[in-house]
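Asks: Just passing along the structure, written as structure tokens.
Only the coordinates and a few stated rules stand behind these numbers; no lab work does. Please read all numbers here as calculations on a predicted model, not as lab measurements. Note that each Cβ is placed from the backbone with ideal geometry, even for glycine, and that neighbours are counted across all protein chains shown.
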């Protein structure tokens, strides 16, 4: 991988993290507090787009930059887990389990949907 | 639109860039074949969860309030270092290969290990003695 690609990985990683911060803030301010909807929406939308890139068979540096760098930074595992743990601490065990189940189900479904759309595009 | 704070955005950008670089480097160094257990993503997600819980608990409950550490270390670095989308596409690939047990084990083990890592890091910061 060239030094330019590594530079792109850094720049787009920073862009992806800020996009997550923005979308999470917009969703969290509007959706209720039943679940951490901001992170769920970020993760579902990022999985949809990564599925789409897989569907159109993007490869090489383009996949590295758009997929691994941008969408990899945009979506997050650690925040999803931290929010789940804090729900459990607040004695909201049902919400914690739901956050895991919804996150996984929607994540895989979004990736599959994105890939199907990409494959037919 | 939330109030945009340029220094906060810069902190998230710097943390996100570093997290992205580290994840990319680990992913290439410890690359696994399609259909194998994705050790790189798994390890990145568990260690990143540990780090986020450590930083978040310390910044919220132990240190004086700081405006830019949480965006730099939490939202930026840990958020970008760990990844959800790659994990979902890896799981989808396992389902495609009719390896349903592997797909379920990968998803559930990632979640379980992530939660245990967060529990340990939180307890460490709170100085709670962990009794096995």
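Asks: How much mean residue ellipticity at 222 nm does chain B get from its helices, if each DSSP H run of length 4 or more adds -39500 (n - 2.57) and you divide by all residues, to the nearest 500 deg cm²/dmol?
Replies: The helix-only estimate for chain B comes to -22500 deg cm²/dmol at 222 nm.
Asks: Alpha carbon centre of the stretch A:15-54 versus the stretch B:98-121: separation in Å?
Replies: First find each Cα centre; the distance between them is then 21 Å.
Asks: Something else: Please list log₁₀ I(q)/I(0) at q = 0.08, 0.14, 0.15 Å⁻¹ for the protein assembly as shown, using the Debye equation with identical point scatterers on the alpha-carbon positions.
Replies: The calculated log intensity ratios at q = 0.08, 0.14, 0.15 Å⁻¹ are -0.28, -0.90, -1.04.
Asks: Another question about this same structure. If r is the Cβ-Cβ distance from residue B:96 to residue B:5 and R0 is 25 Å, what FRET efficiency results, to the nearest 0.05? Before the final figure, lay out the partial values.
Replies: Details: r = 43 Å, r/R0 = 1.74.
The calculated FRET efficiency here is 0.05.
Asks: When you look at the Cβ of every residue in B:101-108, what mean number of other chain Cβ atoms sits within 10 Å?
Replies: Values: counts 0, 0, 1, 1, 0, 0, 5, 2.
Mean shielding count: 1.
Asks: I would also like to ask the following. Remind me, relative contact order of the stretch B:34-88 in percent, using alpha carbon pairs under 8 angstrom and six or more residues apart?
Replies: Numbers: 28 pairs, mean separation 27.3, N = 55.
Rounded, it is 50 percent for the stretch B:34-88.
Asks: A further question follows. Given the peptides A:84-90, B:25-31, arrange them by the average over their residues of other C-beta atoms within 10 Å, most packed first.
Replies: Ranking the peptides A:84-90, B:25-31 by packing returns A:84-90, B:25-31.
Asks: Name all residues of the stretch A:81-121 having a backbone nitrogen under 20 Å from the label point set 7 Å from the Cα of residue A:56 along its Cα→Cβ direction, giving them as ranges.
Replies: Counting only backbone N, you get A:110-121.
Asks: Now for a separate question. Order of A:11-23, B:39-51, A:29-41, A:64-76 by packing, highest average Cβ count within 10 Å first?
Replies: Working: A:11-23: 23.8, B:39-51: 22.1, A:29-41: 15.5, A:64-76: 26.5.
Top to bottom by mean Cβ count within 10 Å: A:64-76, A:11-23, B:39-51, A:29-41.
Asks: Please tell me the relative contact order of the stretch A:28-121 in percent, rounded to the nearest whole number, where contacts are Cα pairs under 8 Å and at least six residues apart.
Replies: 51 percent
Asks: If you take the C-alpha gyration tensor of the stretch A:1-117, multiply each eigenvalue by 5 and take the square root, what semi-axes do you get, largest first, in whole Å?
Replies: Over the Cα atoms of the stretch A:1-117, the ellipsoid semi-axes are 28, 16, 11 Å.
Asks: While we're here: Where does helix B:100-125 land angle-wise versus the long Cα axis of chain B, in degrees 0 to 90, nearest 10?
Replies: Computed tilt is about 20 degrees.
Asks: Counting only other chains, and only Cβ atoms inside 10 Å, what mean value do you get across the residues of A:64-72?
Replies: Whole-number average of other-chain Cβ neighbours for A:64-72 is 5.
Asks: Which angle between 0 and 90 degrees, to the nearest 10, do you get for helix A:37-55 versus the longest principal axis of chain A when only C-alpha atoms count?
Replies: 30 degrees
Asks: I would also like to ask the following. Enter the mean number of other protein chain beta carbons within 10 Å of the beta carbon of each residue in A:105-111, as an integer.
Replies: On the way: counts 0, 1, 8, 8, 2, 3, 11.
The mean count of partner-chain Cβ atoms within 10 Å per residue comes to 5.
Asks: What do you get for the angle between helix A:3-30 and the principal long axis of chain A? Use alpha-carbon atoms, 0 to 90 degrees, nearest ten.
Replies: 30 degrees
Asks: Still on this structure, I have one more. Once you put a point 7 Å from the Cα of residue A:101 and another 7 Å from the Cα of residue B:43, both along the Cβ direction, what distance in nm separates them?
Replies: 3.4 nm
Asks: With each label point set 7 Å from Cα along the Cα-Cβ vector, what nm distance links residue B:36 and residue B:65?
Replies: Inter-label distance under the simple model: 4.9 nm.
Asks: Still on this structure: So for chain B, averaging the separation of alpha carbon pairs under 8 Å that are six or more residues apart and normalising by length, what relative contact order in percent results?
Replies: 36 percent
Asks: Need one number: nm distance between label points at residue A:113 and residue A:92, each 7 Å from Cα along Cα→Cβ, rounded to one decimal.
Replies: If labels sit at residue A:113 and residue A:92, their model points lie 2.4 nm apart.
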